[in-house]
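Only one structure is covered here, and it is reproduced in the block below.
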Amino acid sequence: MNTHELMTRNAEEVVTAAEGEALAEDPDGKRAYVGYEPSGVLHLGHLLTANKLIDLQEAGFDIVVLLADVHAYLNGKGTFEEIRETAKQMRAQFLAYGLDETDTEFVYGSSYQLEDDYVLDLHTLEVETTLNRAQRAMAEIQSDETPTVSHVVYPLMQALDIEYLDIDLAVGGLDQRKVHMLARDELPSLGYDVRPALHTPILGDLSTGEGKMSSSEGVTISMEDDREAIEEKVNDAYCPPERDPEGDTVNPVLELFQYHVFPRFDRVVVDRPAEYGGDLEYEDFEALADDLESGELHPADAKTALAEYLDRLIEPGRERLATFRSGE
Ligand SMILES: N[C@@H](Cc1ccc(O)cc1)C(=O)O
């Protein structure tokens with residue numbers, strides 16, 4: 001896979017596509033980042049963007065993971081001390097998941113977001129941006145409680161992070177799109193460059209294939225889940241035999257293979273007893289999806305394999321989490 005393919009596989013869009021292409025031509029020394037509000041336990045939502053970071057790392061980008069402690073604080077996620085502690089756990093789980101320690105820079109937001117220059121730039125952005133625009137930027141990030149002033153400061157700080165972390169490519173789920181657009185529109189008013197953004201899709205809920213999968217809404221798989229819990233969730237997952245069911249529904253089992261399993265494994269083996277035709281082997285997602293659609297691969301066998309591969313992916317992070325919890 002060439003650099004541009006690695007960069008764009010499984011991505012929903014790059015804004016703009018032309019800027020993305022230019023970047024892919026020479027990724028050496030270029031910096032890509034994702035920011036995460038610290039959360040104690042990683043779930044598949046975090047891992048989807050982490051997979052993209054691993055792709056970008058392989059393509060030659062330098063990776064920055066922002067542990068967005070101040071943002072979590074602004075978003076009402078606890079006391080500052082709690083958030084800092086959680087951020088440490090999160091970092092350990094990301095490393096265990098497969099981000100290369102020597103090529104990944106972890107930065108705490110609070111290490112630079114409280115400095116004079118940053119805060120003054122923030123105030124300038126506050127003057128430049130309408131309340132309405134800042135609120136719209138937050139619509140898909142902030143949970144449904146009553147918005148507070150902190151919720152409109154939040155996206156402006158996220159925009160500034162791109163400049164202060166010296167980022168060449170901002171990465172995030174599609175829910176970050178409006179913040180990235182705000183950054184593209186407003187950074188030049190401070191004399192800073194416009195940077196491209198890459199967005200990953202938001203996957204459907206495991207049990208229904210509808211809406212969005214996250215820890216707060218619906219069923220997801222997290223690093224807290226043991227093999228049994230993963231099997232249970234995957235077994236209960238919606239898995240229609242046809243590939244593209246009508247409307248907004250997706251096949252979550254296929255999505256998990258596409259976005260989580262195939263990017264991280266060269267080959268997927270589905271165990272099947274000899275009397276049912278023996279093992280099946282896949283080197284790419286399309287072949288597996290075709291077999292599921294044609295009936296060659298039974299949904300129950302696909303689910304058994306999916307649970308096994310997800311378990312393998314999550315295992316190292318789960319162990320780190322257990323070590324953390326036992327106080328080591
Ligand atoms: N907005 C991101 C967190 C984030 C914060 C600051 C950033 O610079 C980037 C990302 C989220 O929803 O989790």
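The values are calculated or read from the model by the stated rules, or taken from the named source; none is laboratory data. Just so you know, these numbers come straight off a predicted model, no measurement behind them. Positions of Cβ are generated from backbone atoms using ideal geometry, with glycine treated the same way; all protein chains shown enter the neighbour counts. Surface accessibility is based on the protein's heavy atoms, side chains included, excluding ligands, DNA and RNA. Shrake-Rupley method; radii C 1.70, N 1.55, O 1.52, S 1.80 Å.
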Q: Report, by residue number, each residue of the range 1-27 that is in a helix (DSSP H, G or I) and closer than 12 Å to A59 by Cα.
A: T3, H4, E5, L6, M7, T8, L23, A24, E25
Q) Across the range 135-164, which residue is nearest to the ligand (Cβ to nearest atom) among those that are assigned to a helix (DSSP H, G or I) and open to solvent by 60 Å² or more (accessible area, probe 1.4 Å)? A) Y164
Q: Looking at (1) open to solvent by less than 50 Å² (accessible area, probe 1.4 Å); (2) out of contact with any Pro (no Cβ under 8 Å at 6 or more places or on another chain); (3) among the aliphatic types (A, V, I, L, M), find the lone condition where L206 falls short.
A: (2)
Q) Somewhere in the range 98-117, is a residue more than 13 Å from the ligand (Cβ to nearest atom), closer than 17 Å to S222 by Cβ and in a helix (DSSP H, G or I)? A) no
Q) Applying the selection to the range 21-57, what residues are closer than 18 Å to F106 by Cβ, open to solvent by 20 Å² or more (accessible area, probe 1.4 Å) and within 12 Å of the ligand (Cβ to nearest atom)? A) G35, E37, S39, H46
Q.
When the residues of the range 58-72 are narrowed to those that are more than 9 Å from the ligand (Cβ to nearest atom) and either assigned to a strand (DSSP E or B) or in contact with a Gly (Cβ under 9 Å, 6 or more places away or on another chain) (or both), which ends up nearest to V149 (Cα to Cα)?
A. D69
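Mind listing whichever residues of the range 31-88 are of a type in the set (K, R) and farther than 21 Å from Q176 by Cα?
Result: R84, K88.
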